[in-house]
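> Structure in structure tokens, see below.
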Amino acid sequence: MTYQPPTALPRDLLADDDVQRALSAHDFGLVFRIARERAGISYSKIAAECDIKPDRVGTLARGQGRITSFEKVVQIADALRVPGHLVGLAPRPWETADAPAGPSHAENGSTPVHRRTILRAAGTSGLAATLPALHRPQAPHRVTDADVDRLRERTARLRALDEILGGGDTYRVYLGEVQYTKDLLKRATFSGGCRLRLTALLAEQAQQAGWAAFDGGRPRDAVAFYEESRLAAQDAQDSDLYGNSLAFLAYKTLADDRRTAAAFAQDSCTTITDRTPATVRALLHERLAWACAVTGDAPATEQALAAARQDLDDAQDGEPQPGWSTWVDHNELDIMTGRCWTELRRPLRAVPVLTAALDRFSDDHARDKALYLSWLADAYLMAGEVEQAAETVRRALELATGVASTRPRQRITPLLDRLGPHAGIAAVRDLLERTAG
């Protein structure tokens, strides 16, 4: 029997619906409070075992602040004897030794997940909450090239979730992948250049987690992941991922500090070399175009868009492209072009290119199409085409309904406000009545 810390949560508490949801969301303050109220585990014991200041434990229990450090999540999981899968980690070393025999225990040695927990979580926390036991491969003690290849394939498969789901659904999944890889880098030994390859994969995973955080309304988490990705890419000597991390930082920073965002975007393009894949070059140039458009620099916007188009035109047949940049194609660039012209208040240029591109864009990508339609509606309003704007907003709202992303609504709400003075027009009145309350 292995050591059991005095803060180990009872098994019935670990199986509780509320505790599992709190653990899945990394709401450790709520877990601490439940542990004290229902298991008699004092905050002082929790503080000692988790190496957290006692007053900090109390603050967290009152719902103030969050635990975001990977190392601290690991420490809390071990101190409370929380199986790794409940907090997005690989199985902890003590789990096998502590696992009781008998048919009631799940095959992987983890606490069983009840169907009612899954159904309740799906209604309140998004799809990711329904995947608390998302299977991950057993962590190898020695990492080989074959192990890294398998993890890269897994990352590519999971990336596809972002095409149909919002960040509110995918964040926990991507966060779990980051934590698994960080744990592997910390504990395993490596053959050849595997550590460098796995570090590059961590940079890629952190970018995906950051994007999901941004899309799901967690801006501070997004910045932290982008910074983590930048450092990992630097350690891995991967200039493509390093440039993309700067482009992500530029995209996120635009809302708060346009000058800094523009500098990030410019710096991202300085990483381009003759060996940079075409879609990566195009991605960095179109992000630069967007930063220039938001700062009102029309000539620089046109120059960056032209560079991105040239990048795609110059792509060689069979040229390898990283999976994280292959979504950038000519249609995506047309959409970015229309968005830029809308941001620069040039609706006569924006409307035709956006209309044509969106006609080719599948409704299956509901979140993205809803967002892009919001820029088309914005351009219609600038051009005085109020009825067309109202119809476009209606379509955007229909697509955005049920998508776990904060961004479509952030774009659509101001458009509804701007449509308010035109309530005398039937299409506008109907739209406002549908969205009232």
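> How about region 14-35: which of its residues are hydrophobic (A, V, I, L, M, F, W, C) and either open to solvent by 10 Å² or more (accessible area, probe 1.4 Å) or in contact with a strand residue (DSSP E or B) (Cβ under 7 Å, 6 or more places away or on another chain) (or both)?
Pass one, region 14-35, residues hydrophobic (A, V, I, L, M, F, W, C): 14-15, 19, 22-23, 25, 28, 30-32, 34-35.
Listed by number, the residues that qualify are Ala15, Ala25, Leu30, Ile34.
> Something else now. Val328: touching a residue at least 12 places away in the same chain (Cβ under 8 Å) and open to solvent by less than 20 Å² (accessible area, probe 1.4 Å), yes or no?
Answer is yes for this residue.
> Pairs under 6 Å by beta carbon, first residue within 18 Å of Arg157 (Cβ to Cβ) and touching a residue at least 40 places away in the same chain (Cβ under 8 Å) in region 187-205, partner open to solvent by 30 Å² or more (accessible area, probe 1.4 Å) and of a type in the set (Ser, Thr, Tyr), six or more apart or different chains?
none
> Pairs under 6 Å by beta carbon, first residue over 14 Å from Arg197 (Cβ atoms) and touching a residue at least 60 places away in the same chain (Cβ under 8 Å) in region 145-160, partner surrounded by 13 or more Cβ atoms within 10 Å (Cβ to Cβ) and small (Gly, Ala, Ser), six or more apart or different chains?
Ala156/Gly323
> Going by the conditions given, is Lys72 farther than 20 Å from Arg11 by Cβ and at pLDDT 50 or above?
yes
> When you go through Val351, Val386, Val403 one by one, which is the residue that is over 23 Å from Pro299 (Cβ atoms) and at pLDDT 95 or above?
Val386
> Only one of (1) under 23 Å from Ala357 (Cα atoms); (2) at pLDDT below 95 is not met by Glu343, so which one is it?
(2)
> Would you please name the residue that is nearest to Arg81 (Cα to Cα), looking only at residues in region 1-34 that are of a type in the set (A, V, I, L, M) and in contact with a Pro (Cβ under 9 Å, 6 or more places away or on another chain)?
Filtering first and then ranking leaves Leu14.
> Further question on the same structure: Which one of these is of a type outside the set (S, T, N, Q) and either modelled with pLDDT of 90 or more or open to solvent by less than 50 Å² (accessible area, probe 1.4 Å) (or both): Ala436, Ala423?
Selected residue: Ala423, the only one of Ala436, Ala423 that is of a type outside the set (S, T, N, Q) and either modelled with pLDDT of 90 or more or open to solvent by less than 50 Å² (accessible area, probe 1.4 Å) (or both).
> I need the full set of residues from region 212-230 which are open to solvent by 30 Å² or more (accessible area, probe 1.4 Å) and either of a type outside the set (D, E, K, R) or in contact with a Phe, Trp or Tyr (Cβ under 6 Å, 6 or more places away or on another chain) (or both), in order please.
Matches in region 212-230: Phe214, Gly217, Pro219, Val223, Ala224.
> Might you check whether a residue that is out of contact with any Lys or Arg (no Cβ under 7 Å at 6 or more places or on another chain), over 25 Å from Leu161 (Cα atoms) and either of a type outside the set (Lys, Arg) or open to solvent by 60 Å² or more (accessible area, probe 1.4 Å) (or both) occurs anywhere in region 395-411?
The answer is no; no qualifying residue exists.
> Based on this model, can you work out whether Pro103 counts as out of contact with any Lys or Arg (no Cβ under 6 Å at 6 or more places or on another chain) and either polar (S, T, N, Q) or modelled with pLDDT under 65 (or both)?
Judged against the criteria, Pro103 is a match.
> Assess whether Ile34 counts as being free of Cβ contacts under 8 Å to residues at least 60 places away in the same chain and either among the hydroxyl-bearing types (Ser, Thr, Tyr) or outside any helix (DSSP H, G or I) (or both).
Considered against the rule, which asks whether it is free of Cβ contacts under 8 Å to residues at least 60 places away in the same chain and either among the hydroxyl-bearing types (Ser, Thr, Tyr) or outside any helix (DSSP H, G or I) (or both), Ile34 comes out as no.
> Right, another one. Among helices (runs of 4 or more DSSP H) lying entirely in region 41-100, which contain 2 or more residues that are of a type outside the set (A, V, I, L, M, F, W, C) and without any contact (Cβ under 8 Å) to a residue 12 or more places away in the chain?
54-61
> Return the residue satisfying two criteria in turn: it lies in region 246-266 and is closer than 23 Å to Ala212 by Cα and open to solvent by 40 Å² or more (accessible area, probe 1.4 Å), and of such residues it is nearest to the chain's Cα centre (by Cα).
Narrowing region 246-266 to residues closer than 23 Å to Ala212 by Cα: 246-258, 260-262, 264-265.
Remaining after also requiring open to solvent by 40 Å² or more (accessible area, probe 1.4 Å): 255-258, 260, 264.
Details: Ala255: 17, Asp256: 19, Asp257: 21, Arg258: 22, Thr260: 22, Phe264: 20 Å.
Among residues in region 246-266 that are closer than 23 Å to Ala212 by Cα and open to solvent by 40 Å² or more (accessible area, probe 1.4 Å), the one nearest to the chain's Cα centre (by Cα) is Ala255.
> Looking for something modelled with pLDDT of 50 or more and open to solvent by 60 Å² or more (accessible area, probe 1.4 Å) - is there at least one such residue anywhere in region 116-128? Spell out the reasoning first.
Residues of region 116-128 that are modelled with pLDDT of 50 or more, as a first pass: none.
No.
> How do the pairs read when you match residues in region 407-430 that are without any contact (Cβ under 8 Å) to a residue 40 or more places away in the chain and part of a loop (DSSP other than H, G, I, E, B) with residues anywhere that are surrounded by 13 or more Cβ atoms within 10 Å (Cβ to Cβ) and among the aliphatic types (A, V, I, L, M), using Cβ under 6 Å and keeping only pairs 6 or more apart or on different chains?
Listed pairs, sorted by first residue: Ala423/Leu432; Ile425/Val386.
The values are calculated or read from the model by the stated rules, or taken from the named source; none is laboratory data. Since the structure is predicted, the reported quantities are computational estimates derived from the model, not experimental observations. In this analysis, Cβ positions are derived from the backbone assuming ideal geometry, glycine residues included, and neighbour counts consider all displayed protein chains. Heavy atoms of the whole protein, side chains included, go into the accessibility calculation; ligands, DNA and RNA do not. Shrake-Rupley method; radii C 1.70, N 1.55, O 1.52, S 1.80 Å.
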